[in-house]
1. What residues qualify as long-range amide H neighbours of Phe147, i.e. H under 5 Å apart, gap of 5 or more or another chain, H built at 1.01 Å from N?
2. Around Leu273, under 11 Å between beta carbons, what's the net of Lys plus Arg minus Asp minus Glu among the other residues?
3. When the chain is fully extended, how far beyond the present Cα-Cα distance does Asp30 get from Asp94, taking 0.36 nm per residue of separation?
4. Once you sort the root eigenvalues of the Cα gyration tensor of the chain as a ≥ b ≥ c, which label holds: rounded (a/c under 1.5), prolate (a/b larger than b/c) or oblate (the other case)?
5. For Ala164 and Thr255, what does the FRET efficiency come to when R0 = 25 Å and r is the distance between their Cβ atoms, rounded to the nearest 0.05?
6. Please turn the phi angles of region 69-82 into ³J(HN,Hα) values with the Karplus equation 6.51 cos²θ - 1.76 cosθ + 1.60 (θ = phi - 60°), one per residue in order, whole Hz, x for glycine and proline.
7. Just to be sure I understand the model, the point goes 7 Å from the Cα along the line to the Cβ. What's the resulting Arg23 to Val287 distance in nm?
8. With n ≥ 4 as the cut-off for DSSP H runs, can you work out [θ] at 222 nm for the chain, using -39500 (n - 2.57) per run divided by the number of residues, rounded to the nearest 500?
Amino acid sequence: MTGSAPFPAPQRSDDAGADVERRFTTLGLDHGQWDYWSEVTRTAFVAMRAAALPGAVPVSAQHGFAASAVARVTGGLLVSTVRADPHEAARTPDLVRRAAGEDFFLTLLTEGSGRLRQGDRAAEVGPGDFALVDSAHPYVFRFDRPFRSVVLQIPRAMLTSRCAVAEHVTAVPFRTARGMGAFVSPVLCALAEQRHDLDEATAAAFMRNLLDLLATACDALGSDVSGKASAAVHRRDLRRAKAYLADRLHDPGLTLLAASQDLGFSLRYLHELFREADTTPRAWLYVQRLDRARAMLSGDGHDAQSISSIALRVGFKDASHFSRAFKSRFGTSPATYRRTAARAP
């Protein structure tokens, strides 16, 4: 696989057997290195966009962007080792919407350093440190110099069943030099380096122990992180969600699933935000549409629009449904409310 010959398309991780070790590299590609590496991340991990850092000069003028990965199912989970030149890897809102993901990914740096951002949290990690990301939401990794890492793909239920705060400790650095991270990193490194020497039953036992250690580390760190930040984050996310929905009151085809994907939320989290405000997304949207219609009925030029037109402009497909909903909320029909508003001084 050298020269300009195209590389075979990478296999998806769920297509490969437990004993199959898959290797990917950009070396030998004369062109299309970034597209190939983006495809590697999509098929071996989760859909991301790989790109050069702005203004960055390739480490090797001869080879361009150099990156390689070795992926193998170990103990029932996918463990990958990655080596790459400086670059940015982004899971964008568009990719989240088009290629949904539910897994967590633990990235452990063994060489180099990197910066990670997800939501309102950011982490800088160095050799031995690791961080979690949640593929259900957008995130960005930035590596300013060559690095090596070990990546563990963890099905959501496998971690959340062990740890109640997993979703609140993403993009938070776990340090090897101190704290609970010191118990997790050596075990994951050993699994990555010695996986060929372990039978499947032994590897699975080590992996269960690793997940238990990780859950304990998350709980220990999460008690501080989530307690301080969770309320503020929820208030901010609720404001974002309300602004997004308010800008789209006119769209009768708006769905909560599409809204949550555009916002980078899970649908469950969107409902949780509104539940904390003693309502639901759909109920809040309904009220806002009716309030907007009332303002249009009584505002300047209110006689210029038909009631059917106003109903459409606030997201109601059917004028009769709109009239019934308006009367239920305000105690009068849209037509009567308009006449009353017109007589008001």
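1. Hits under the 5 Å cutoff: Ala84.
2. +4
3. Details: separation 64, 0.36 × 64 = 23.04 nm, distance 2.87 nm.
Computed gain between Asp30 and Asp94 is 20.2 nm.
4. It comes out prolate by the Cα gyration axes.
5. Computed FRET efficiency for Ala164 and Thr255: 0.30.
6. Here the 3J(HN,Hα) series is 8, 10, 10, 8, 6, 10, x, x, 10, 7, 10, 10, 10, 10 Hz.
7. Label-label distance for Arg23 and Val287, simple model: 6.1 nm.
8. Helix-only estimate at 222 nm: -13500 deg cm²/dmol.
The values are calculated or read from the model by the stated rules, or taken from the named source; none is laboratory data. Here the structure is a predicted model, which means the values were calculated and not measured. As a convention, Cβ positions derive from the backbone with ideal geometry for all residues, glycine included, and neighbour counts pool all protein chains shown. Surface areas here come from the heavy atoms of the whole protein model, side chains and all, with no ligands, DNA or RNA. Shrake-Rupley method; radii C 1.70, N 1.55, O 1.52, S 1.80 Å.
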